[in-house]
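A short worksheet on the structure shown next.
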Amino acid sequence: QTNIRFILDWSFQGQHAMFTMPVDDGTYTKLGLNVTVDRGGGSGDTVAKVASGAYDLGFADIYSMIRFNDQNPDHKLIAVMMVDDKSALAIEMKASSPIKTPQDLTGKTLASPVGDATRQLFPLFAAANKLDEKSIKWINVSPELREPLLVRGEADAITGHLTTVMLNLQNIGAQPSDIRTMAYIDFGVNLLGHAVVVKPEFAARNAEAIRNFIRGSVHGFNAMIKDPADAVASIKKRDPLVSADVEKDRIKMSLDYRMITENVLKNGASNVEPARLEGSVKDVAEAFGINKVPPASEVYTDQYLPPRSELRIIQ
Amino acid sequence: MTTNAAAMGPGAGMKAPFVRITNASLHYGEEDESGSLALQGFDLEIARGEFVAVVGPSGCGKSTLMKLISGLTPRSSGHVTVDGVDVVRPLKTVGMAFQNPALLPWRTVLENVLLPIQVVRPHRTAFRQDRAPFVARAKALLAKVGLTGTEDRFGWQLSGGMQQRVSLCRALIHEPEILLLDEPFGALDAFTREELWDVLQTLWIERGFTILLVTHDLPEAVFLASRVHVLSSRPGRVIYTTDIDLSRPRQQDAIFTPRFVEYVHDLRAHVSRARQGT
Amino acid sequence: MTTNAAAMGPGAGMKAPFVRITNASLHYGEEDESGSLALQGFDLEIARGEFVAVVGPSGCGKSTLMKLISGLTPRSSGHVTVDGVDVVRPLKTVGMAFQNPALLPWRTVLENVLLPIQVVRPHRTAFRQDRAPFVARAKALLAKVGLTGTEDRFGWQLSGGMQQRVSLCRALIHEPEILLLDEPFGALDAFTREELWDVLQTLWIERGFTILLVTHDLPEAVFLASRVHVLSSRPGRVIYTTDIDLSRPRQQDAIFTPRFVEYVHDLRAHVSRARQGT
Amino acid sequence: MKYKRTIRRAAYSASPWIATIGFFLSWELGCRLLNVPPFILPTPSAAIGSLLEYRDGIWLNASHTLVTTLLGFALAVVFGAGLGVIVGGSPLLYRALNPLLIGFNSIPKVAVVPILVLWFGIGFVPAVLTAFLVAFFPITVNVATGIVTMQPELRDVLRSLGASRTDILFRVGLPCSMPYFFASLKIAITLAFVGSVISETVASNVGIGYLMMSASATFRVPLVFAALLVIAGMGIIMYAAAAVLEWRFAGWAMRT
Amino acid sequence: MKYKRTIRRAAYSASPWIATIGFFLSWELGCRLLNVPPFILPTPSAAIGSLLEYRDGIWLNASHTLVTTLLGFALAVVFGAGLGVIVGGSPLLYRALNPLLIGFNSIPKVAVVPILVLWFGIGFVPAVLTAFLVAFFPITVNVATGIVTMQPELRDVLRSLGASRTDILFRVGLPCSMPYFFASLKIAITLAFVGSVISETVASNVGIGYLMMSASATFRVPLVFAALLVIAGMGIIMYAAAAVLEWRFAGWAMRT
Ligand SMILES: Nc1ncnc2c1ncn2[C@@H]1O[C@H](COP(=O)(O)OP(=O)(O)OP(=O)(O)O)[C@@H](O)[C@H]1O
Ligand SMILES: Nc1ncnc2c1ncn2[C@@H]1O[C@H](COP(=O)(O)OP(=O)(O)OP(=O)(O)O)[C@@H](O)[C@H]1O
Ligand SMILES: [Mg+2]
Ligand SMILES: [Mg+2]
């Protein structure tokens, strides 16, 4: 039995069931793993914790990892499983807002946590849509203030993961039809999303364990698709206060927007086209002010993946 | 409860004694606590302008009597009136020198002496407008008790006897109607003490306020007071009273006259009997 | 600095005086501050087992002398040795009754009296093993000063004179080699005071410790001490010394003998002269 | 007169309830009259409703936080009072450590929690440590101040017995500082709750802090306030316990 | 002997420097020996390096935080001491308000900041208010305790003059509570910094809190620690100022 300490990117949410269900149904155990799943405090926090050795594996935004690697060349991490084939970064505004195209954002006020990935990568969005990035007025707020400021009209738009923001807005009384979104992916910014990250040394030492972890997680992915109610139950077991309805919606939304794409349906989970990854890394590196663009091989490796046949995702 | 006294009113006070204590008792703490009954069945009357001394064995309730009259500690039963008014809260017309000097440690000697001026009603307004006359008065008082030059020191920089004299000045400065002095000369050497007897007697003759003096020194009581009360052991009450018929102003050498000595011996006998009662 | 005294050593102390103060002075605060020079050019010797009294005008430095000998306040210059050892830090062999009772307010009377037992070296270990004999001793002492029944009350629930007696018991309980008493009977009535004179004299004759008594009461000094020193006004130094040649144990009626009265008058004259010097 | 006194006594004993209920009533009314949306400030009735609805989950988390806080608080009392005694007893250490202590305490502990987590893992230990780190300082400051300002007359009583510095510290300094110490407990217990909750919001799978995080992440603001009410309630209970001790050990300072 | 005393005096005055430098040295050594990666705990030299490198930006943000904190602290002193006097002077109010105060202060103020932001907008005002809300409680508790435990003998001096309750409060209670008050200032100033920084991390475009947030989002941990050092330094300076006042107004309590 190998012990695996796994840290999520945030507090327990519906889509995390792909990692908790295999714990609950004994899949990991059968694969020779003893997995503990802890909640995290944001992707940045998660990568630091994996790098420090406090955790063995983490679930984090792949671009956060790139930035961390640039700052800490002695403690680089690498992604071993791409979970989100599509980034969910997006800009949200009220449906009644005059902002209809990216260019309409010129001179507007946007609220966002300073560390939010959407905000950090906004330059890519601006460049792709010929928008004067400097004309934007940013307000820095903590996550719990972002949506209320939009609702109250103090911000013209906000940035954040679709799957988070949409549900938050619904929680404070907005209807889906009241909200307009601009997902980066739909506006020329072709980014990937969250991945399972690990220290290369750890991966090298425990190659078979990582492979088995991925096997188990693919099983969880499929189980979550098949039985969302069971998935929610698995989350609720860990945080009894989550709302079943909201998390069910979140699972559906995560699957639709982030996790299940044509690529995934056709090739299975974690099928990363090197050119796409390389392109996005180059763009992101520029936006982050990273001079030494890392080669794709230092960002993501498929060497710990089980055979493609075992990565199949069935809708 | 207050009706009796109120009926007489302040006008009637001319005739009635200035301080009147009738059948008063005082418990410290809860009533049932043993050893906390300090005064019982206490009767005492003091006319306006009188100089009265109280003597008695240690722990008999003399300091308690002071607190009773000034209203610092409420009586448990009985009647206490001052100037015809029932004493239910601290009086505003007393000057009190406590047994322990109790100088405020953050104030200099001068500021300590000026404290009553800053607090007591007619003076405080005047003081705010013009400090000078009050400062002069305080300095004059300090000079009278031999403390010139200590004005700007703190109380805790003085010797025990000096602190006691500061405390006496503090009791006098606002020229109260009634002066309650609890062993004001206890920590002084014989000469300073006798000098201050004169100072106090002169002040009393000039100003005519009412004085209640607690002391252990029987010659002091006889020298200063017009009447001396002897208290019993705890619970205290008056067991003997004598008028001192000596002419005023009394001089230092009066102490050696046979009448004086006789008064002292008489009191001595009664205090002794009071102690025996323990 | 310490060489002189050290050279004599504790062995030599048999011959040398127990307490020896030579040309000592004591400033409070900074040296240049005016009015803070309490003792100057002070000389005093006390033999082991002697009973010495010190009298002098208020503020002349008597309490300061106590602090000098006990090491509570360091001298500014000169020499002070006790038992042949230079006094540079508080001594461990004194029992001190301060001018102000200074009872610890969070301790009951009994606990206050037991304090030295809990602190002073040989006793504290014994006390930890068995409290009973010490509690009995404390109760016996309290009984001697007339405070039976107050053991479990707090200091601040007692009258001034009672507190002073507790403080006296606290100075005695650990049977110190040298006893420094600063007006220990100041707040007591004549009878209690005279009773305690007897108590103290008996203890002294029995135990033979060295006593330095500060008092304002000249008869008290004469009655108790074998030698009396008169201090000058501030800055204090000894200006007159007299041996009291009265047989021991002295009885209460000795007070009225002519020799006694003569001693008192003699001292009176010298204290008066000391004050005039101001 | 007796009647009056009875009324006054009743008013006295009921006063905390009156004040508290009055506070909640005005909060409720304020919210309703100003029509404050619940995601800004829920009414207390909504918060209490949430409290009842999720009582099981809240109870689970609250008990966890309580244990964490108590442990951190206990550490803070022991260490804080100990440091206060040391620092109050030695002017040199007082001077030497003051800047470090002040500097350290000016730092928001949220910034320190991640370090603790990296060292001790997620969950229990960092929360206890955070509660401790946040709470010890007031105790240290107050105990040291109490010792430094002990009455010199009482100190001299001990010195005249040739007592060692430790003896003086324990027999006069400490009792003198008891009222200060108990005052600081009031401050420290509230800070301990703040500390453990903060740590739980940063890194924990359980506890009121985690509950608040996850509730506010999903904008269940009434639930957040229910959690806050629970913390407040626990703080009050803890304080009441300390007040009993205060009466026992520092009652002499309030003698009349 | 004179020589010895000179050395001791020098050690005394240098002690804070020695302690502080010793602290930094052991931190530096610890990091190097244990090979702690900079994203967990940077060495102080790295932090100071960052401090120098970004001094302009840090200075800008620090001065903003300083102003915010000072305003909040000033409010806290005025309100906290005022409330302390009221509460210390009236047993009824003391009893009535205690639970509310304890309850309120057990709540982590991070939870309250969003409400303040929604009411007062982003930036300056909520930060000042947070600093105030965090800092006033220790002052209130200590002032009230100082007043409640004033020496009864001194209170009786005033009462014997027929002084009103206000007079007693101001002429005896307040001076008696001065040592407590100054002790609480030490606590309050550190809390005020914590409060304003916390508020800035939640919602502000400027200030040390914002700087820390954005530095930690970009993994510039040494910069985060540089910011922490700046806060610590400001806290120490503020405290030094308060200590001067303490010596002036409560020096009597430390008489020897
Ligand atoms: N605060 C208190 N609580 C309880 N009992 C007290 C308190 N103050 C005084 N007593 C008791 O009341 C009695 C009288 O005390 P009081 O101080 O009036 O005596 P006194 O005549 O002034 O004695 P002394 O001459 O020694 O000063 C004493 O037995 C004392 O123990
Ligand atoms: N802490 C102090 N700081 C400054 N000066 C002091 C201090 N204590 C005493 N003095 C001064 O030293 C002198 C002697 O004081 P001391 O207390 O020894 O007098 P004393 O002889 O005991 O007088 P008393 O009989 O009044 O008690 C006095 O003038 C006093 O003002
Ligand atoms: Mg008395
Ligand atoms: Mg003296």
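Geometric descriptor of the stretch C:103-175, per residue, is 76 Å³ (volume of the convex hull of the Cα atoms). Positive contributions from Lys and Arg (+1) and negative ones from Asp and Glu (-1), summed over other residues with Cβ under 11 Å from the Cβ of residue C:163, come out at +3. Positive end of the dipole of the stretch B:103-175 (Cβ unit charges, origin at the Cα centre): among B:148, B:120, B:161, the Cα lying farthest that way belongs to B:120.
Counting only DSSP H runs of at least 4 residues, each contributing -39500 (n - 2.57), and dividing by the residue count of chain C, the helix-based mean residue ellipticity at 222 nm comes to -12000 deg cm²/dmol. The ranking of E:252, C:156 from fewest to most other beta carbons within 10 Å of each one's beta carbon is C:156, E:252. Entry for the stretch C:21-150 at q = 0.09, 0.10, 0.14, 0.20 Å⁻¹: log10 I(q)/I(0) = -0.37, -0.45, -0.81, -1.19, Debye formula applied to identical alpha-carbon scatterers, no solvent contribution. Each other copy places its own label point for residue C:273 at 4.5 nm from this one, sorted shortest first, where the point lies 7 Å along the Cα-to-beta carbon line. Take each residue in C:56-63, count the other chain C-beta atoms within 10 Å of its C-beta, and the mean is 6.
The rotation axis that maps chain B onto chain C passes nearest to the beta carbon of this chain B residue, listed with its distance in whole angstrom: B:186, 3.
Pairwise Cα separations in the stretch D:46-250 fall into 5 Å bins from 0 onward with the following percentages, short to long: 1, 8, 14, 16, 16, 13, 11, 8, 5, 4, 2, 1, 0, 0. Copy-to-copy label distances for residue B:205, where each label lies 7 Å from Cα along Cα-to-Cβ, are 4.7 nm in order of increasing length.
Put in line by how crowded their Cβ is, counting other Cβ atoms within 10 Å and starting with the fewest, C:60, E:176 read E:176, C:60. A Stokes-Einstein calculation at 20 °C with viscosity 1.002 mPa s, built on the Kirkwood radius of the stretch B:176-247 over Cα pairs, returns a diffusion coefficient of 163 µm²/s.
Kirkwood analysis of chain A, using all unique Cα-Cα pairs, places the hydrodynamic radius at 19.8 Å. In the assembly of identical copies, residue B:245 has its label point, taken 7 Å from Cα in the direction of the beta carbon, separated from the corresponding points by 4.7 nm (ascending, one decimal). On a 0 to 90° scale, report how tilted helix E:55-89 is relative to the longest principal axis of chain E, with both axes built from alpha carbons and the result rounded to the nearest 10. Between the helix axis and the principal axis of chain E, the angle is about 20 degrees. Throw me the Rg/Rh for the stretch E:1-102, computed over C-alpha atoms with Kirkwood Rh, two decimals. Result for the stretch E:1-102 is an Rg/Rh of 1.21.
Remark: the protein assembly as shown carries a charge dipole of roughly 1200 debye about the Cα centre, counting +1 on each Lys and Arg Cβ and -1 on each Asp and Glu Cβ. For the protein assembly as shown, the percent of C-alpha pairs falling in each 20 Å distance bin, counted from 0 to the bin holding the largest distance, reads 9, 31, 27, 18, 12, 3, 0.
Relative intensity of the stretch C:152-278 on a log10 scale, I(q)/I(0) at q = 0.10, 0.16, 0.18 Å⁻¹, equals -0.35, -0.88, -1.07, per a Debye sum over C-alpha point scatterers of equal strength in the absence of solvent. Which order results if A:39, C:48, B:165, D:5 are arranged by neighbouring Cβ count within 10 Å, fewest first? The order, fewest Cβ neighbours first, is D:5, C:48, A:39, B:165. Over all other residues within a Cβ to Cβ distance under 15 Å of residue E:190, the charged ones net out to +3, with Lys and Arg as +1 and Asp and Glu as -1. Rounded to the nearest 10 degrees, the angle from helix E:208-217 to the longest Cα principal axis of chain E is 40 degrees.
Compute the long axis of helix E:124-148 from its Cα atoms, compare it with the longest principal axis of the Cα atoms of chain E, and write down the angle in degrees, 0 to 90, nearest 10. Compared with the principal axis, the helix lies near 40 degrees.
Charge tally around residue B:131: other residues with Cβ under 14 Å, Lys/Arg +1 each, Asp/Glu -1 each, net +1.
For the stretch C:207-278, the spherically averaged projection of the C-alpha convex hull amounts to 5.1 nm². For chain C, the spread of Cα positions along the three principal axes, ordered from largest to smallest, is 48, 47, 39 Å.
A short reminder: the numbers here are calculations on the coordinates, not readings from a lab. Just so it is clear, the model here is predicted, and its values are computed rather than measured. With ideal geometry, Cβ positions are generated from the backbone for all residues, glycine too; neighbour counts draw on all protein chains shown.
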